[in-house]
């Protein structure tokens with residue numbers, strides 16, 4: 001059974017190539033995302049920052065199975081807080097509150113979260129526990145270039161009657177203010193992605 005979270009990653013993550021060692025990073029605070037920030041991935045998805053909503057950042061993505069052409073307001077941890085459709089009407093977005101990042105980042109940091117999420121199969125919803133650990137700060141090679149990035153291990157397990165668990169690694173780079181790579185180790189845990197190009201907005 002395939003589950004939900006591979007789809008959400010189409011918004012912000014990327015796929016596997018090779019990595020080499022880099023000097024350990026200190027603590028990395030949350031970046032200040034800017035209007036004009038844009039990331040293109042090997043899936044064809046383009047994610048961009050299009051506006052500000054108070055202190056939150058408003059994003060759009062060309063691929064989002066939960067709401068096409070929606071605008072998602074995110075906080076400083078990139079967590080979706082609210083969403084509106086193409087007409088500006090508030091909607092119930094499946095990934096509200098989902099936490100892939102927890103700034104400040106540093107090697108060894110861990111966080112976890114339990115959420116009820118829709119299954120990719122369309123067969124209802126399921127409770128999942130997600131555990132994240134920042135394992136290393138290293139260089140990672142992508143089509144967009146080679147970047148220093150935090151490698152974050154993501155372990156997920158289902159909490160319902162159907163027992164499932166999956167594991168993947170994700171790389172988030174301060175250089176691009178984004179995820180640049182994802183490698184999947186478990187079938188059904190979504191796709192692998194690679195950053196193809198990016199543009200960072202200015203003040």
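Each reported figure results from applying straightforward, stated rules to the coordinates on display, with no laboratory input. Here the structure is a predicted model, which is why all the values come from computation and not from measurement. Reconstructed Cβ throughout: ideal geometry from the backbone, glycine too, with neighbour counts over all protein chains shown.
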Packing-based ranking, highest mean first, of 166-176, 84-94, 191-201, 48-58 given that Cβ atoms within 10 Å are counted: 166-176, 191-201, 48-58, 84-94
May I ask you to derive the FRET efficiency for residue 52 and residue 159 from their Cβ-Cβ distance with R0 = 41 Å, giving the value to the nearest 0.05? 0.70
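Tell me what the chain gives for mean residue ellipticity at 222 nm when only DSSP H runs of n ≥ 4 count, each as -39,500 (n - 2.57), the sum divided by the residue total, rounded to 500 deg cm²/dmol.
Numbers: 1 runs with 5 residues, N = 203.
That comes out to -500 deg cm²/dmol.
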Provide the packing ranking of 106-116, 35-45, i.e. peptides ordered by the mean count of other C-beta atoms within 10 Å per residue, highest first. 35-45, 106-116
May I have the extent of the alpha carbons of the chain along their three principal axes, as whole Å values ordered from largest to smallest? 44, 39, 28
Calculate the all-directions average of the projected area of region 127-187's alpha-carbon convex hull, and give it in nm². 4.6
May I ask you to list the residues of region 167-203 whose amide nitrogen lies under 16 Å from a point 7 Å from Cα along the Cα→beta-carbon direction of residue 109? 170-180
Which residue fluctuates the most in the chain, going by a Gaussian network model with Cα springs under 10 Å, if the choices are 145, 124, 97? 124
